Every structure is written in C-alpha cells, then in structure tokens.
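Report on one structure; see the data block that follows.
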Amino acid sequence: MKILTFLPTKTLLLLFSLVAFSAQAQDYSSEDFIGTWSGTISATNYGGYNDPITLTIYEDGFYTETSGHLMPTTYPNTQQFEYDAATNRLHFWYLDVVYAGQSFYQHFYYEIVHFENDTLEAHYNHWDNPEPWPEAGIIFLVKENANTTPPPVNLDIFNKMICFMLIGMP
C-alpha cells in the first residue's frame with residue numbers, strides 16, 4: 001500500500017476508471033449472432049405482448065423470425081440485420097413503404113444487456129438514446145446448437161401433459 005500513497009488522487013481515479021471501463025468493454029461481432037435463436041419477445045407498452053420467437057440470422061445479414069414483430073408485412077425478404085459494436089446494439093430493419101419512388105424503412109434497435117454462454121438479453125433502444133427502454137421491448141434468446149435444446153413454446157400444454165401423467169400413474 002505504500003506504493004499507492006505517493007500517487008496523486010487524480011491518477012488513482014484515472015487508473016481505477018480505466019480498469020473498470022475495460023472490464024465492461026464488449027468484444028462482440030456480427031458473426032457471434034449468426035445462427036438460430038429461440039426465446040421470447042415482449043413489451044409492456046402499447047398493449048403489451050409476450051410472444052415466442054425463433055430468430056435465424058444468416059451470414060449475409062438476412063434474418064427471419066417467427067413472432068412477426070420484426071418482419072415486413074408488405075415487402076417480404078427485405079429484412080436485414082447488423083450489430084453495431086460502438087453502441088452495443090442489434091439493428092433490425094426492413095422495407096416498410098415505397099411512396100413516390102422513395103423507400104422508407106422500419107428500424108428496430110435492441111441494446112445488449114446480457115450476452116453469455118449463448119444466452120442473449122437485449123432491450124429496445126431507439127436511435128441514440130443513452131438508456132434502453134425495456135417497456136417497449138425485450139428480446140430474450142438462447143442460441144440453438146448441438147448442446148442445447150430450444151425452450152418449450154407452449155408451456156400450458158406441457159404442464160397439462162405432466163399433470164395427466166401424474167394423475168394417471170398408480
């Protein structure tokens with residue numbers, strides 16, 4: 001501790017800040033998100049929803065998903081995905097409207113709040129807001145691979161089957 005006593009306070013604060021910041025740095029790339037993911041997409045605002053989703057992201061940036069919340073309704077096969085390391089956000093977009101020769105796109109930004117061991121949680125964050133807005137959207141996904149199985153989609157049916165099996169057993 002004698003070594004630290006001669007360092008000025010500002011130097012110590014800078015040193016500790018750099019160490020803390022480097023521990024929070026994200027080392028993700030778009031390649032980390034390629035594959036098939038299963039989970040839920042939910043929101044509490046705008047009527048709220050909590051829907052199952054299977055999201056597949058391809059190497060060329062094209063994606064498909066099953067919930068319909070991130071998919072085009074008018075112009076199919078126009079959806080694209082990218083990961084922005086500078087903002088730590090997933091960006092989904094698709095062609096929404098063509099009017100008078102002008103193309104208008106629908107954009108969805110989700111900031112990563114947890115990504116570890118093929119488990120991803122991201123909160124909606126529109127454009128350059130400093131804080132995500134989880135009330136407007138949360139995506140919780142688990143990447144499907146040889147070591148994992150996708151989460152059950154219809155838990156109610158699953159629970160009824162277990163009850164039936166337990167009641168029917170002697």
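The numbers here are math on the coordinates, done by the rules we state, and not lab data. Bear in mind that the values here come from a model prediction, so they are computed numbers and not experimental data. Note: ideal-geometry Cβ built from the backbone for every residue, glycine included; neighbour counts use all protein chains shown.
Summing +1 for each Lys or Arg and -1 for each Asp or Glu among the other residues whose beta-carbon sits under 15 angstrom from that of T119 gives -4.
How much net charge surrounds Y94 when only other residues with a Cβ under 14 Å from its Cβ are counted (Lys, Arg +1; Asp, Glu -1)? It would help to have the intermediate numbers written out before the result.
Numbers: positive: none; negative: E65, E82, D96.
Taking every Cβ under 14 Å from that of Y94, the sum is -3.
If we sort 111-119, 35-43 on the protection proxy, mean other Cβ atoms within 10 Å, highest first, what's the order? Don't skip to the end; give the middle numbers.
On the way: 111-119: 14.1, 35-43: 18.8.
Final packing ranking: 35-43, 111-119.
Ordering D60, D51 by the number of other Cβ atoms within 10 Å of each residue's own Cβ, fewest first, gives D60, D51.
Summing +1 for each Lys or Arg and -1 for each Asp or Glu, what net charge is found among the other residues whose Cβ lies under 12 Å from the Cβ of K143?
Details: positive: none; negative: D32, E116, D118, E144.
Result for the neighbourhood of K143: -4.
Sequence-distant or interchain residues sharing an amide H contact under 5 Å with V113, placed H: which? For V113, the qualifying residues are E121, A122, H123.
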